[in-house]
Amino acid sequence: SDAKPGEPVLAAADGLETRHVPVDDPSAEWERRAAERGITDCFAVPMRFENQRTYVLGVYSTAPDGFDATERRVIEEIGESIPQAIETIETHQEALQYEEAIRHAGVAISITDTDGVIGYVNPAFEDLTGYTAEEAVGNTHRILNSGEMSEEHYATLWETILDGDVFEEQVVNKTKSGDRYTAHQTISPVTDDAGEPEAFVA
């Protein structure tokens, strides 16, 4: 809270570059204050967070020789890994929020891989089809095939979603007990940075 412009952590934040400041000039304000606290060395590493302000990892030593090259390299690696770790945590939290939203959606939702193998279904899917998640996962949507949709329908479906486009049509499917039901089906590809499908959400 009382940091002044000469402090290494502020210099690292302003310049967005690592600062190594041994305390060897007692005439400098920051170094004088550091020496009073027994500090002999400071190594400051800016940490860049996506869409956020810059933070600085400031590490101080009271060892007579300060930080050696190996210690400085380790501190830099820690400074690089902290934003990555936090981003991973935030991504996981977002994924849990999306999963919770899908779980409570009022429509049947399933997620498959690019071969059509089901990896996830929500409770509405279980209610609609009669298949539990354990029964559906690992299977394909062939378990819902009523025999009333043409081969042309499935060929068009696969051609559309493999091209990275959304397929939408009314279908007649079959529940686990054999009952027919009509559904408005939408299948959306989840694509990678190159636009190639990685999964499908129905």
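The values are calculated or read from the model by the stated rules, or taken from the named source; none is laboratory data. In this text the structure is predicted, and so the values were computed from the model without any measurement. Every residue, glycine as well, gets a Cβ built from its backbone with ideal geometry; the counts of neighbours run over all protein chains shown. Areas reflect the complete protein model, heavy atoms only, side chains present, ligands, DNA and RNA absent. Shrake-Rupley method; radii C 1.70, N 1.55, O 1.52, S 1.80 Å.
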Which of rounded, prolate, oblate describes the range 92-142, given a ≥ b ≥ c as roots of the alpha-carbon gyration tensor eigenvalues and a/c under 1.5 marking rounded, otherwise prolate only if a/b is larger than b/c?
oblate
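How high is the relative contact order of the chain, in percent, counting Cα pairs under 8 Å that sit 6 or more residues apart? The partial results should precede the final answer.
Details: 315 pairs, mean separation 24.1, N = 202.
With pairs under 8 Å counted, the relative contact order is 12 percent.
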Carbon/sulfur fraction of accessible area - the range 9-73, other protein chains in place, 1.4 Å, %
47
Inter-label distance, nm, simple model (7 Å from Cα along the C-beta direction), Arg48/Ile82:
1.6
What's the extension gain from Ala35 to Tyr154 if we count 0.36 nm per residue and subtract their Cα-Cα distance?
35.3 nm
Mean accessible area per residue over the chain (1.4 angstrom probe, all protein chains present, square angstrom) is 63
So who's got an amide H within less than 5 Å of the one on Asn139, skipping anything under 5 residues away but keeping other chains? H placed 1.01 Å off N, in plane.
Ile118
With the chain treated as a Gaussian network of Cα nodes joined by springs under 10 Å, which of Gly15, Gly58, Gly116 yields the largest mean-square fluctuation?
Gly15
Quick one: how many Å² of His20 are accessible to a 1.4 Å probe, rounded to 10?
70
Net dipole in debye of the chain [+1 Lys, Arg Cβ; -1 Asp, Glu Cβ; about Cα centre; nearest 20]:
580
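Given +1 on the Cβ of Lys and Arg, -1 on the Cβ of Asp and Glu, and no further charges, what dipole in debye does the range 2-94 carry about its Cα centre, rounded to the nearest 20?
Working: 9 positive and 20 negative charges, 39 e Å.
That gives the range 2-94 a dipole magnitude of about 180 debye.
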Using amide H atoms built 1.01 Å from N in the peptide plane, name the residues 5+ places from Ala199, or on other chains, whose amide H lies under 5 Å from its own.
Val190
Whether the chain is rounded, prolate or oblate, judged on the alpha carbon gyration tensor where a/c under 1.5 counts as rounded
prolate
Between the modelled labels at Glu71 and Asp179 (7 Å from Cα along Cα→Cβ) the distance in nm is 7.2
If I take every Cα pair under 8 Å that is 6 or more residues apart in the range 106-202, average their sequence separation and divide by the length, what percent do I get for the relative contact order?
27
Taking the alpha-carbon centre of each part, the distance from the range 145-202 to the range 3-43 in Å is 62
Residue-averaged [θ]222 nm for the chain, counting only DSSP H segments that reach four residues, each worth -39500 (n - 2.57):
-11500 deg cm²/dmol
Just read off the accessible area of Thr40 with the full protein assembly in place, 1.4 Å probe, to the nearest 10 Å².
40
Once both label points are put 7 Å beyond Cα along the C-beta direction, the Asn139-Thr191 separation in nm becomes 3.2
Under a 5 Å amide H to amide H cut-off, with H placed in plane at 1.01 Å, what residues pair with Ser146 once short-range neighbours are removed?
Lys174
Only four residue types carry charge here, +1 at the Cβ of Lys and Arg and -1 at the Cβ of Asp and Glu. Report the dipole size of the range 96-202 about the Cα centre in Debye, rounded to the nearest 20.
580
